[in-house]
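This report concerns only the one structure given below.
The values are calculated or read from the model by the stated rules, or taken from the named source; none is laboratory data. Only a predicted model underlies this, so the values are computations on that prediction, with no experimental measurement involved. Glycine also receives a Cβ, built like all others from the backbone with ideal geometry; neighbour counts cover every protein chain displayed. Keep in mind that these areas ignore ligands, DNA and RNA; they rest on the heavy atoms of the full protein, side chains included. Shrake-Rupley method; radii C 1.70, N 1.55, O 1.52, S 1.80 Å.
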Amino acid sequence: MGKETVEVRDVPDPTILNSQDAIVRISSTAICGSDLHLYSGFVPTMKKGDVLGHEFMGEVVEVGPDVHRLRVGDRVVVPFPIACGACASCRQGLFSVCENSNPNAAIAEKLMGHSPAGVYGYSHMLGGYPGGQAQYARVPFADVGPLKIESDLPDEKVLFLSDILPTGYMGAEMCDITGGDVVAVWGAGPVGHFAMASALMLGAAKVVAIDRFDYRLAIARENLGVETLNYEQVDVLEALRDLTAGRGPDACIDAVGLEAHSPSAILQAYDRVKQVTRTEPDRPHALREAILACRNGGVVSVIGVYGGFVDKFPMGSVMNRSLTIRTGQCHVHRYMPRLLERIEAGDIDPTCVITHRMSLDDAPDGYLMFRDKLDDCNKVVLTP
Amino acid sequence: MHANSAVTVLRPIDEVYGFWRDFGNFPQFMQHVLEVKVYDDTRSHWRAAGPAGKTVEWDAIVTEERPDELIAWQSAEGADVANRGVVRFSPAPGDRGTEVRVEIEYTPPGGPLGTLVAKLFGEEPQQQVDDDLRRFKQVMEVGEVVRSEGTPDGAHTAGLLEQHPGQPLTEDEARNVRP
Ligand SMILES: NC(=O)c1ccc[n+]([C@@H]2O[C@H](COP(=O)([O-])OP(=O)(O)OC[C@H]3O[C@@H](n4cnc5c(N)ncnc54)[C@H](O)[C@@H]3O)[C@@H](O)[C@H]2O)c1
Ligand SMILES: [Zn+2]
Ligand SMILES: [Zn+2]
């Protein structure tokens with residue numbers, strides 16, 4: 001892994017390093033929008049030779065001496081944040097800010113004040129853990145994270161419990177949806193899709209999807225019956241005001257993150273130059289728009305990933321209009337069991353976001369297609 | 001050289017105090033400490049790893065001790081590295097566990113040994129103490145130091161550049177991991 005290069009390489013098989021580790025033979029793994037931030041070089045502290053991937057599942061092939069709940073042969077989905085289950089944050093269900101799972105916490109503290117949890121395949125600042133776009137992975141705290149799949153649901157139906165389904169769900173849950181709420185979602189990628197599906201499950205009266213790729217908007221429209229806005233064709237703020245008769249959406253979800261694209265050539269150029277010159281690491285177009293669109297007193301829920309700092313942040317709008325901003329890397333562990341039940345009950349079919357199934361050997365092509373949205377690519381699943 | 005650091009541990013104060021008071025536990029969480037021999041209630045012998053395979057040794061004396069509150073120590077005469085320190089324990093507010101605050105002072109001797117000691121405790125003794133307390137918290141809360149392939153010996157912030165890449169260790173590398 002280097003900037004804009006992903007290669008398939010042979011590496012050693014992982015070994016147990018901590019007594020609560022399990023080794024998992026991976027049966028399915030996926031590429032995430034978060035991996036694109038690494039790919040584009042926007043996340044510091046990546047090293048050549050780092051194994052990527054944080055969405056994976058498979059079969060337990062070995063367990064450390066202090067693993068009691070999992071056994072060899074169990075089929076498991078692994079949540080992307082690594083969490084110890086024993087610290088104050090984990091005890092409160094804030095798994096993605098586990099206090100013990102990042103051995104490189106001191107590096108993260110320099111950038112962010114305090115450190116979040118370690119994450120598989122997501123830079124040294126977040127632990128230096130190898131990722132799951134591989135044949136095998138070491139899974140720390142095996143009794144805390146992995147969710148056992150005891151039914152015969154195929155991989156594709158449960159794989160996204162590792163990240164994007166719970167992430168979308170948390171994005172909607174943070175909106176505190178009550179009857180009649182209109183929820184607008186920036187980004188109709190897989191994460192945005194699951195945020196929309198979850199907003200509907202949680203009782204939203206109307207959901208609006210915003211993106212510039214018609215094929216992605218079509219997936220949302222056809223599977224979820226949501227309204228769609230192509231921001232290259234309409235003025236989003238105006239369209240949302242129209243749709244809500246002037247109120248603005250009750251909640252706005254940013255499912256885009258730091259590589260947002262802007263229809264305004266000037267803003268796009270401003271942020272792009274600052275990002276390239278490394279004076280502004282993150283490009284917050286969707287976030288700015290979500291804030292401006294939100295109704296007075298509404299919630300802006302941010303699940304798109306930001307790494308560092310943003311410019312031209314409309315704090316005046318947030319403050320004067322009593323907005324609430326809620327955000328976080330997903331506390332996946334918290335949501336896995338209830339979302340597995342939803343899948344088993346048929347309330348949600350996560351497979352509808354998948355457009356590409358490839359061999360792990362073809363991962364470099366998968367990265368390119370997913371980043372450049374080629375061949376109507378929406379979500380890539382890789383099989384080792 | 002002076003360093004101080006603090007950490008909150010989600011364990012009862014008597015347990016946290018007791019673990020610290022049992023100096024034989026120190027090699028579990030202090031990067032450089034290889035071995036601690038406890039002679040009696042107040043005296044112990046410490047051996048720590050230095051650069052180039054050298055070790056430094058000293059006897060330590062507990063100078064003050066208040067259960068669940070405080071332990072102060074200082075090295076006895078003849079120490080390779082004179083050092084003294086105090087650790088304070090207090091209940092964290094609400095049900096947040098125990099606050100642990102450490103202050104350490106090293107007096108590096110002059111001459112070549114002084115240089116060696118400066119290296120041993122790193123350019124940043126502060127970072128060293130921070131890392132050690134992070135590892136202490138891990139040992140108390142999860143039972144052992146947490147390892148990644150990038151930092152197989154656990155929290156050790158010095159030198160991101162020297163970190164192992166985030167990929168599995170070879171058999172040789174895995175054998176060399178500090179137990
Ligand atoms: N919070 C978490 O725990 C978590 C977990 C997984 C992913 N994420 C983040 O969620 C985001 C989306 O992930 P994904 O896998 O769906 O990625 P993706 O790249 O497939 O989707 C992003 C979508 O946003 C659209 N977009 C770009 N600029 C926009 C703008 N100004 N307005 C509206 N839409 C815009 C793109 O066209 C694209 O369709 C990423 O930032 C990812 O890092 C967060
Ligand atoms: Zn992800
Ligand atoms: Zn934890």
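Roll a 1.4 Å probe over the protein chains and send me the accessible area per residue for the protein assembly as shown in Å².
Using a 1.4 Å probe on heavy atoms only, each residue of the protein assembly as shown averages 41 Å².
Taking the Cβ of B:Val177 as the center, what net charge do the other residues with Cβ under 13 Å away carry, scoring Lys and Arg +1 and Asp and Glu -1?
For residues surrounding B:Val177, the net value is -3.
Using every Cα-Cα pair within segment A:53-130, state what percent have a distance larger than 18 Å.
That fraction is 48 percent.
Ignoring the sites themselves, what is the longest stretch of chain A with no GluC sites (Glu not before Pro) in a DSSP loop and at most 15 other beta-carbon atoms within 10 Å?
Counting at most 15 other Cβ atoms within 10 Å as exposed, the longest clean stretch of chain A is A:233-384.
Divide by every residue of chain B the summed helix terms, -39500 (n - 2.57) for each DSSP H run of at least 4, and state the resulting mean residue ellipticity at 222 nm, rounded to the nearest 500 deg cm²/dmol.
-7000 deg cm²/dmol
Suppose R0 equals 25 Å; then what is the FRET efficiency for A:Val8 and A:Val72 from their Cβ-Cβ distance, rounded to the nearest 0.05?
The computed FRET efficiency comes out at 0.35.
Apply the Karplus parameterisation 6.51 cos²θ - 1.76 cosθ + 1.60, with θ equal to phi minus 60°, to every residue of segment A:130-139 and state each ³J(HN,Hα) to the nearest whole Hz, in sequence, with x for glycine and proline.
These are the phi-based 3J(HN,Hα) values: x, x, x, 7, 6, 7, 9, 9, 8, 10 Hz.
Using a 10 Å cut-off on Cβ to Cβ distances, tally the other chain neighbours for every residue of A:81-94 and report the average as a whole number.
What the average comes to for A:81-94 is 3.
With angles folded into 0 to 90 degrees, how steeply does helix A:214-224 sit against the dominant principal axis of chain A? Use alpha carbons for both and round to 10.
80 degrees
So how exposed is A:Arg216, as accessible area in Å² (1.4 Å probe, rounded to 10)?
In the full protein context, A:Arg216 sits at about 10 Å².
Can you work out the FRET efficiency for the pair A:Leu153 and B:Ala72, with r the C-beta to C-beta distance and R0 = 60 Å, to the nearest 0.05?
0.50
Once the principal axes of the Cα atoms of segment B:2-154 are found, what is the range along each, listed largest first in whole angstroms?
50, 40, 25
Return the long-range amide H neighbours of B:Leu34 (sequence gap of 5 or more, or a different chain), with a cut-off of under 5 Å between placed amide H atoms.
Answer set, sorted by chain and number: B:Arg47, B:Ala48, B:Ala49.
Determine the dipole magnitude for segment B:40-103: charges of +1 sit on the beta-carbon of Lys and Arg, -1 on that of Asp and Glu, nothing else is charged, the reference point is the Cα centre, and the result goes in debye to the nearest 20.
The dipole of segment B:40-103 has a size of about 280 debye.
Among bridges DSSP assigns within chain A, what percent are antiparallel (round to 5)?
Approximately 45 percent, going by the DSSP bridge assignments.
Which one, A:Tyr122, A:Gly49, A:Pro314, projects farthest toward the positive side of the charge dipole computed for chain A from Cβ point charges (K/R +1, D/E -1)?
Positive-end residue among those listed: A:Pro314.
Averaging sequence separations of C-alpha pairs under 8 Å and six or more residues apart, then dividing by the length of segment B:123-179, give the relative contact order as a whole percent.
27 percent
Which loop-located chymotrypsin sites (Phe, Trp or Tyr not before Pro) does segment A:309-384 contain, where loop means any DSSP state but H, G, I, E or B and the Cβ has at most 16 other Cβ atoms within 10 Å?
Those satisfying the criteria are A:Phe309.
Roughly how tilted is helix A:265-276, in degrees to the nearest 10 and between 0 and 90, from the longest Cα axis of chain A?
With rounding to tens, the tilt is 30 degrees.
Give the average, rounded to an integer, of partner chain Cβ atoms located within 10 angstrom of each Cβ in A:43-52.
Partner Cβ neighbours, averaged per residue: 3.
Roughly how many nanometres apart are two label points built 7 Å out from the Cα toward the Cβ at A:Asp375 and B:Asn176?
4.2 nm
Express in Å², to the nearest 10, the accessible area of A:Lys373 obtained by rolling a 1.4 Å probe over the protein heavy atoms while all chains stay in place.
Its accessible surface works out to 50 Å², give or take rounding.
Starting from the Cα coordinates of chain A, work out the convex hull volume and express it per residue in Å³.
Value for chain A: 130 Å³ per residue.
How crowded by other chains is B:135-143, given as the mean number of beta carbons from other chains within 10 Å of each beta carbon?
Shielding by partners across B:135-143 averages 5.
Can you compute 3J(HN,Hα) from phi for each residue in segment B:69-77, using the Karplus curve 6.51 cos²θ - 1.76 cosθ + 1.60 with θ = phi - 60°, rounded to whole Hz and x for Gly and Pro?
Ordered by residue, 3J(HN,Hα) equals 9, 7, 9, 10, 9, 8, 6, 7, 4 Hz.
Angle check, please: helix A:332-344 long axis (alpha carbons) against the longest principal axis of chain A (alpha carbons), in degrees 0 to 90, nearest 10.
Taking Cα atoms only, the helix is inclined about 80 degrees.
How high is the FRET efficiency between A:Val273 and A:His114 when r is their beta carbon distance and R₀ equals 22 Å, given to the nearest 0.05?
The value I calculate is 0.10.
In Å, what is the Rg of the alpha-carbon atoms in segment A:230-384, and how long is Dmax?
Computed over the Cα atoms of segment A:230-384, radius of gyration and Dmax are 18.3, 52 Å.
Could you order A:Val6, B:Val9 by accessible surface area, starting with the largest, using a probe radius of 1.4 Å?
A:Val6, B:Val9
Once phi is turned into θ = phi - 60°, what whole-Hz ³J(HN,Hα) does the Karplus curve with 6.51, -1.76 and 1.60 give for every residue of segment A:286-299, x standing for Gly and Pro?
With coefficients 6.51, -1.76 and 1.60, one gets 5, 4, 4, 5, 4, 5, 5, 6, 4, 5, 4, x, x, 10 Hz.
Kindly sort A:Asp242, A:Asp21, A:Asp372, A:Asp250 by accessible area of their heavy atoms, largest first, with the probe set to 1.4 Å.
Order by accessible area, largest first: A:Asp242, A:Asp372, A:Asp250, A:Asp21.
Keeping every protein chain in place, order A:Ile82, A:Ile266, B:Ile13 by accessible area at 1.4 Å, biggest value first, i.e. largest first.
Sorted by accessible area, descending: A:Ile266, B:Ile13, A:Ile82.
Can you pull the accessible area of A:Met319 for me, 1.4 Å probe, Å² to the nearest 10?
130 Å²
Summed for both chains, how many Å² of accessible area, to the nearest 100, are buried between A and B with a 1.4 Å probe?
When A and B are taken together, about 2800 Å² of accessible area is lost.
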